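The values are calculated or read from the model by the stated rules, or taken from the named source; none is laboratory data. Here the structure is a predicted model, which means the values were calculated and not measured. A quick note on method: Cβ atoms are made from the backbone with ideal geometry, for glycine too, and the neighbour counts reach across all protein chains shown. What goes into the accessible areas is simple: the full protein's heavy atoms, side chains included, and nothing from ligands, DNA or RNA. Shrake-Rupley method; radii C 1.70, N 1.55, O 1.52, S 1.80 Å.
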Amino acid sequence: MTVILLAAGLSERMGKNKLLLPFRGKPLILSSLEAVLSYTENVIVVTGHERNLIEEAVESYNVRTLYAENYMEGQKASTMRGVAAIDNTSFAIIPGDLPLIAKEDFLETEKGLENHSISRASYSGVPGHPVMFRKEHKERLLRFDGSMKEYLAQNDTIMCKTSIGSIFDTDTPDRYKALIEQFD
């Protein structure tokens, strides 16, 4: 399994790069990255906005970084940059702003691939991450013109019950404040 960790966005709703905000004494992205690395060594970090700062934050970890030149086009463009770079393996996609995600969320989601070709984490019925794909989806995704939501709806996707870490992102100042107050 290769995990694509998305770290290319503009963080427009936050007003500054959310992935570099402090959480538990380090940049927030590292909490997500460390959870991914507890699950697999095959990690691709896709960068874009403030590329150098993100690459500097993750440089001491054994991960591959890729620059998504077209990151301004949105998350799908950055996601496809990562998908295009994977080898012939199953793969998972997560955004970098899930600091509470845990190895167990990955393991539980991976179980869904036993009988389905796509497996998605969820918490209390809310879709989350990771989203995992069997390897045959690589080329299909790269050719697909619609949104990721449309792709998941048109394919054999199962929702797997995981922890709140699979949905607790940090997109806004209020969400970051809640993270710090409840979990730091």
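For the chain, the longest stretch holding no GluC sites (Glu not before Pro) located in a DSSP loop with at most 15 other Cβ atoms within 10 Å is which?
With a cap of 15 other Cβ atoms within 10 Å, the longest stretch comes to 70-135.
Semi-axes of the equivalent ellipsoid for the stretch 111-177, please: Cα gyration tensor eigenvalues, times 5, square-rooted, ordered largest first, whole Å.
Semi-axes (√(5λ), whole Å): 24, 16, 9.
Let me check I have the definition right: for the stretch 28-136, take the eigenvalues of the Cα gyration tensor, multiply each by 5, take square roots. What are those semi-axes in whole Å, largest first?
Result for the stretch 28-136: semi-axes of 22, 16, 14 Å.
Going down the table (Lys138/Lys177; Lys16/Lys103; Lys103/Lys135; Lys16/Lys111), which pairs top 31 Å between alpha carbons?
Lys138/Lys177; Lys16/Lys111
Can you list the equivalent-ellipsoid semi-axes of the chain, largest first and in whole Å, using the square root of 5 times each Cα gyration tensor eigenvalue?
24, 19, 15
Quick one: of the DSSP bridges fully inside the chain, what percent are antiparallel, nearest 5?
35 percent
In debye to the nearest 20, how big a dipole does the chain give about its Cα centre with +1 on each Lys and Arg Cβ and -1 on each Asp and Glu Cβ?
The dipole of the chain has a size of about 160 debye.
Over all alpha-carbon pairs of the stretch 1-88, lay out the pair-distance distribution in 10 Å bins, whole %, shortest bin first.
18, 52, 28, 2
Any idea which of Leu113, Ile93, His49 is furthest toward the positive side of the dipole for the stretch 1-133, if Lys and Arg beta-carbons carry +1 and Asp and Glu beta-carbons -1?
So the residue we want is His49.
List the pair-distance distribution P(r) of the stretch 80-155, using every Cα-Cα distance, as the percent of pairs falling in each 10 Å bin from 0 up to the bin containing the longest distance, rounded to whole percents.
17, 54, 28, 1
Name the longest site-free stretch of the chain, where the excluded sites are trypsin sites (Lys or Arg not before Pro) in a DSSP loop with no more than 14 other beta-carbon atoms within 10 Å.
Longest stretch, sites excluded: 25-184.
Heavy atoms only, probe 1.4 Å: what % of the accessible area of the chain goes to carbon and sulfur, would you let me know?
Carbon-and-sulfur percentage of accessible area, whole number: 46.
Residues in the stretch 19-54 near a label at Leu142, defined as backbone nitrogen under 19 Å from the 7 Å Cα→Cβ point?
In the stretch 19-54, the label zone of Leu142 (backbone N under 19 Å from the point 7 Å along Cα→Cβ) covers 43-47.
For His49, tell me the accessible area in Å² from a 1.4 Å probe, rounded to the nearest 10.
Counting only protein heavy atoms, the figure is 50 Å².
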